[in-house]
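Student: First the structure, which I've put down as structure tokens, then a few questions once you've had a look.
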Amino acid sequence: MNKAFVKEPEDHGDRCPACGTAGHAVYRETLVAHLPEELRNQISDAAFFCPHPPCSVAYFDQMERTIAATSLMQPVYPKDPAAPICPCFGLTCDEIEEAALSGDVAQVREHLQRAATDAAHCVTAAADGQSCVANVQRHFMRIHGQ
């Protein structure tokens, strides 16, 4: 088919310039909570979080400016697997693994219910500004399904 009739996919600049992974759009509040002011001024407020664990980039913008994960004010999941998977309430991957291996679903279920309340402050606590619920469920099922 003639290329004149095929629409090329548009690149909206939401792919990490280091690894090519699609980024998660973050709010300014998220950047304020995780970046020192001098670094915040080096990136657009319309920024993205790179969720790919081995990638060294935490935040990037459409101008391909990047902020390294090592520059964040504290370690964050998934860049640092030892950091809480739920920064709002401090739940760690180790705790999820213990619950999954022991078959204690109640602890994870209680956490998921708590994460759905107003007490969760994901926009500022999580580096990607998103709820941990999907990550917690995915991690639990990966271990539980072994």
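The values are calculated or read from the model by the stated rules, or taken from the named source; none is laboratory data. In this text the structure is predicted, and so the values were computed from the model without any measurement. Backbone-built Cβ (ideal geometry, glycine too); neighbour counts: all protein chains shown. Surface areas here come from the heavy atoms of the whole protein model, side chains and all, with no ligands, DNA or RNA. Shrake-Rupley method; radii C 1.70, N 1.55, O 1.52, S 1.80 Å.
Student: Within the stretch 105-125, is there a residue that is out of contact with any Gly (no Cβ under 7 Å at 6 or more places or on another chain) and touching a residue at least 60 places away in the same chain (Cβ under 8 Å)? Break it down into steps so the answer makes sense when it comes.
Tutor: From the stretch 105-125, those out of contact with any Gly (no Cβ under 7 Å at 6 or more places or on another chain) are 105-121, 124-125; that's our starting set.
Then keep just the ones that are touching a residue at least 60 places away in the same chain (Cβ under 8 Å); that gives 124-125.
The answer is yes, given that some residue of the stretch 105-125 is out of contact with any Gly (no Cβ under 7 Å at 6 or more places or on another chain) and touching a residue at least 60 places away in the same chain (Cβ under 8 Å).
Student: Next question. Considering only residues that are in contact with a strand residue (DSSP E or B) (Cβ under 6 Å, 6 or more places away or on another chain) and touching a residue at least 40 places away in the same chain (Cβ under 8 Å), look in the stretch 60-71 and name the one that is surrounded by the fewest Cβ atoms within 10 Å (Cβ to Cβ). Give the derivation first.
Tutor: Taking the stretch 60-71 and keeping what is in contact with a strand residue (DSSP E or B) (Cβ under 6 Å, 6 or more places away or on another chain), we get 60-61, 66-67, 69.
Applying the additional criterion that residues be touching a residue at least 40 places away in the same chain (Cβ under 8 Å) yields 60-61, 66.
Numbers: PHE60: 24, ASP61: 19, THR66: 21.
Across the stretch 60-71, the extreme among qualifying residues is ASP61.
Student: Between residues in the stretch 13-39 that are over 15 Å from ASP61 (Cβ atoms) and modelled with pLDDT of 95 or more and residues that are β-branched (Val, Ile, Thr) and open to solvent by 50 Å² or more (accessible area, probe 1.4 Å), which pairs lie under 6 Å by C-beta distance while being six or more apart or on different chains?
Tutor: Taking only residues 6 or more apart or on different chains, the pairs are GLU29/VAL123; GLU29/THR124; ALA33/THR124.
Student: Moving on. Looking at the stretch 123-140, which of its residues are of a type in the set (A, V, I, L, M) and surrounded by 13 or more Cβ atoms within 10 Å (Cβ to Cβ)?
Tutor: Going residue by residue through the stretch 123-140, those that are of a type in the set (A, V, I, L, M) are 123, 125-127, 133-134, 136.
Residues satisfying the conditions are VAL123, ALA125, ALA126, ALA127, VAL133, VAL136.
Student: Please name all residue pairs, on different chains or six or more residues apart, with Cβ atoms under 6 Å, provided the first residue is in the stretch 130-146 and is among the polar types (S, T, N, Q) and the second residue is assigned to a loop (DSSP other than H, G, I, E, B) and at pLDDT 90 or above.
Tutor: What qualifies is ASN135/ILE85.
Student: Tell me which of these ASP45 doesn't satisfy, since it passes every other one: (1) in contact (Cβ under 8 Å) with a residue 12 or more places away in the chain; (2) open to solvent by less than 60 Å² (accessible area, probe 1.4 Å); (3) part of a loop (DSSP other than H, G, I, E, B); (4) not aliphatic (A, V, I, L, M).
Tutor: (2)
Student: For the stretch 93-127, name all the residues that are part of a loop (DSSP other than H, G, I, E, B) and under 18 Å from ALA69 (Cβ atoms). Break it down stepwise before answering.
Tutor: So in the stretch 93-127, the residues part of a loop (DSSP other than H, G, I, E, B) come out as 103-104, 116-121, 126-127.
Across the stretch 93-127, the qualifying residues are ALA126, ALA127.
Student: Something else about it: What's the total number of residues in the stretch 48-84 that are within 12 Å of GLY23 (Cβ to Cβ), outside any strand (DSSP E or B) and touching a Gly at 6+ places or on another chain (Cβ under 6 Å)?
Tutor: Of the residues in that region, 2 qualify.
Student: So PRO51 ticks every box in (1) at pLDDT 95 or above; (2) closer than 21 Å to GLN137 by Cβ; (3) open to solvent by 40 Å² or more (accessible area, probe 1.4 Å); (4) of a type outside the set (A, V, I, L, M, F, W, C) but one. Which box is left unticked?
Tutor: (3)
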